[in-house]
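These notes are about the structure you will find just below.
The values are calculated or read from the model by the stated rules, or taken from the named source; none is laboratory data. Keep in mind it's a predicted model, so treat the numbers as computed, not measured. We place every Cβ from the backbone using ideal geometry, glycine too, and count neighbours over all the protein chains shown. Each accessible area value is taken on the protein alone, full model and side chains, heavy atoms only, with ligands, DNA and RNA left out. Shrake-Rupley method; radii C 1.70, N 1.55, O 1.52, S 1.80 Å.
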Amino acid sequence: MKTVNDCNFNNKKALIRVDFNVPLNNELKVTDATRIKAAKPTIEKILNDGGSVILMSHLGRPKGKDEKYSLKHIVPTVEKVLGKKIKFIDDCIGEKVEKAAKNLKSGEILLLENLRFYPEEKAGDKAFAEKLAELGNVYVNDAFGTAHRAHASTAVIAQFFDKEHKCFGLLMAKEIEAINYVLNNAKKPVTAVIGGAKVSSKIDVINNIIDKVDSIIIGGGMAFTFIKAKGGKIGNSLVEEDKLDLALAILEKAKQKKTRIHLPIDVVAADKFSNDANTMIVDADDIPDGWMGLDVGPRTNVGNAFVIIGSNTILWNGPMGVFEMEKFETGTRELGNAIADATAEGAFSLVGGGDSVAAVKKFKLTNKVSYISTGGGAMLEMLEGKKLPGIEAILM
Ligand code: AMP
């Protein structure tokens with residue numbers, strides 16, 4: 001994989017697609033700079049070579065030009081993270097931008113305005129991509145979070161650069177390597193933990209990893225579709241009735257491939273979807289009517305920890321329960337702690353997907369896992385075995 005480390009940027013203008021889609025508060029201040037910090041190594045490498053940098057990103061989902069989504073709001077944070085002044089221009093194509101790009105000197109950074117102010121960005125418009133391409137001599141993609149989108153700046157643009165003039169940023173390379181390692185070269189035993197609300201959103205992942213991993217721990221709301229499919233009583237728990245056959249097919253495939261699937265054996269059942277619900281611990285396949293399973297139970301937690309501690313590689317996507325509510329956070333917290341313990345013992349752990357990353361942060365485990373992916377959707381598609389447009393475009 002060709003990265004910025006394989007190129008010399010002396011006197012070059014690097015056009016970098018970054019993912020600066022960061023959260024802003026009501027005062028339009030950045031509340032979490034993780035994504036900006038993640039792009040720093042790539043930017044620094046280029047500047048240290050004697051190159052200049054043009055940064056392009058989207059922010060939010062604006063419908064046309066909208067001040068609220070201007071990237072000008074993130075300038076102070078970008079300057080703080082990079083430790084230097086940057087230039088900002090209130091457009092991303094056109095004469096003004098071309099002039100600013102042309103006048104950019106070695107060591108300087110120019111941030112363009114939100115790409116999604118133009119509908120052409122999401123439409124993957126070729127003429128728009130070409131205008132962006134004209135701003136720099138080398139195209140660098142470091143936006144893993146949007147690598148599964150065939151947008152103008154994430155994929156289409158790459159066709160205007162030959163193989164010598166395009167490469168991956170360091171963040172993107174690290175993300176791809178981490179996921180490829182887990183899928184293809186991981187030290188066994190490999191365990192995947194798949195949780196969250198719905199089977200339907202994770203079905204392709206489970207199908208793709210079933211013959212690549214040794215065990216799959218299934219938790220969260222999606223577990224009940226499996227439990228019901230096996231004939232269990234799930235009360236009012238979340239279920240996707242139209243996925244019962246699919247769940248059975250997965251269990252059958254796992255049996256054939258000799259992949260162990262661990263479903264919850266007990267749950268925290270609640271009489272309503274609320275933090276002040278009445279709760280009781282019951283067997284996962286014997287939940288009374290009117291009650292719903294909102295977290296995995298204590299026996300399941302012990303079993304899950306046992307599987308995790310015995311693993312050399314762990315992939316975690318999706319919570320074990322409604323961890324946003326204190327009453328139902330234990331399963332997710334204990335799972336996170338077990339992954340942290342296994343990591344401390346030498347296992348490689350990869351966490352991805354918005355909710356698992358939020359859980360890792362909530363339980364203060366950020367520094368106790370090996371790698372946290374910055375791109376939930378992109379990671380899921382890689383785990384599904386799909387080719388990502390943002391990656392393919394650089395390889396072509
Ligand atoms: P997903 O986006 O599919 O990964 O789902 C994450 C969401 O699933 C979180 O907001 C959890 O609160 C929710 N969740 C986890 N377990 C359950 C459950 N047993 N019942 C209902 N929702 C759940």
Qualifying positions in the stretch 287-296 - under 17 Å from Ser274 (Cα atoms) and either of a type in the set (A, V, I, L, M, F, W, C) or within 12 Å of the ligand (Cβ to nearest atom) (or both): Trp291, Met292, Gly293, Leu294, Asp295, Val296
Test: residue in the stretch 31-42 that is modelled with pLDDT of 95 or more, closer than 20 Å to Glu98 by Cα and buried (at least 17 other Cβ atoms within 10 Å of the Cβ): no
Among the candidates Leu47, Leu59, Leu28, residue that is within 27 Å of Cys167 (Cα to Cα), of a type in the set (A, V, I, L, M, F, W, C) and outside any helix (DSSP H, G or I): Leu59
Flag if Asp341 is over 21 Å from the mean Cα position of the chain (by Cα) and open to solvent by less than 10 Å² (accessible area, probe 1.4 Å): no
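Could you say which residue among Ser70, Ser52 is in contact with an Asp or Glu (Cβ under 8 Å, 6 or more places away or on another chain), buried (at least 17 other Cβ atoms within 10 Å of the Cβ) and farther than 21 Å from Thr146 by Cβ? Outline the logic, then answer.
Values: Ser70 fails: farther than 21 Å from Thr146 by Cβ.
Only one candidate passes the filter, namely Ser52.
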Matching residues in the stretch 223-245 - criterion: being farther than 17 Å from Asp286 by Cα and either within 16 Å of the ligand (Cβ to nearest atom) or among the acidic types (Asp, Glu) (or both): Glu240, Glu241, Asp242, Lys243, Asp245
The stretch 314-363: number of residues that are part of a helix (DSSP H, G or I), farther than 15 Å from Met379 by Cβ and of a type in the set (D, E, K, R): 7
Enumeration of residues in the stretch 1-30 that are of a type in the set (Lys, Arg) and open to solvent by less than 70 Å² (accessible area, probe 1.4 Å): Lys2, Lys12, Lys13, Arg17
Residue count, the stretch 188-204 (criterion: open to solvent by 50 Å² or more (accessible area, probe 1.4 Å), modelled with pLDDT of 90 or more and within 15 Å of the chain's Cα centre (by Cα)): 0
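Does the stretch 62-85 hold any residues that are in a loop (DSSP other than H, G, I, E, B) and among the polar types (S, T, N, Q), and which are they?
Ser70
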Thr313 free of Cβ contacts under 8 Å to residues at least 24 places away in the same chain and touching a helix residue (DSSP H, G or I) at 6+ places or on another chain (Cβ under 7 Å): no
Selection status of Ala284, within 11 Å of the ligand (Cβ to nearest atom), over 24 Å from the mean Cα position of the chain (by Cα) and touching a residue at least 60 places away in the same chain (Cβ under 8 Å): yes
Identity of the residue in the stretch 125-177, open to solvent by 10 Å² or more (accessible area, probe 1.4 Å) and of a type in the set (Asp, Glu), that ends up farthest from Glu98 (Cα to Cα): Glu177
Members of the stretch 315-338 that are open to solvent by 20 Å² or more (accessible area, probe 1.4 Å) and within 19 Å of Gly293 (Cβ to Cβ): Val322, Glu324, Met325, Glu326, Lys327, Glu329, Thr330, Arg333, Glu334
Enumeration of residues in the stretch 73-86 that are surrounded by 15 or more Cβ atoms within 10 Å (Cβ to Cβ) and not polar (S, T, N, Q): His73, Ile74, Val75, Val78, Glu79, Val81, Leu82, Ile86
Counted residues, the stretch 228-277 - those being among the aliphatic types (A, V, I, L, M), touching a Lys or Arg at 6+ places or on another chain (Cβ under 9 Å) and within 13 Å of Met292 (Cα to Cα): 6
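Matching residues to (1) within 12 Å of the ligand (Cβ to nearest atom); (2) under 29 Å from Ile176 (Cα atoms); (3) touching a strand residue (DSSP E or B) at 6+ places or on another chain (Cβ under 8 Å); (4) modelled with pLDDT under 95:
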position: Asp266; (1), (2), (3), (4): no, no, yes, no
position: Ala305; (1), (2), (3), (4): no, yes, no, no
position: Ile309; (1), (2), (3), (4): no, yes, no, no
position: Met325; (1), (2), (3), (4): yes, no, yes, no
position: Phe328; (1), (2), (3), (4): yes, no, yes, no
Qualifying positions in the stretch 367-394 - modelled with pLDDT under 95, in a helix (DSSP H, G or I) and open to solvent by 10 Å² or more (accessible area, probe 1.4 Å): Gly376, Gly377, Leu380, Glu381, Met382
Unmet requirement for Ala150, which otherwise passes all of (1) under 18 Å from Leu55 (Cα atoms); (2) part of a loop (DSSP other than H, G, I, E, B): (1)
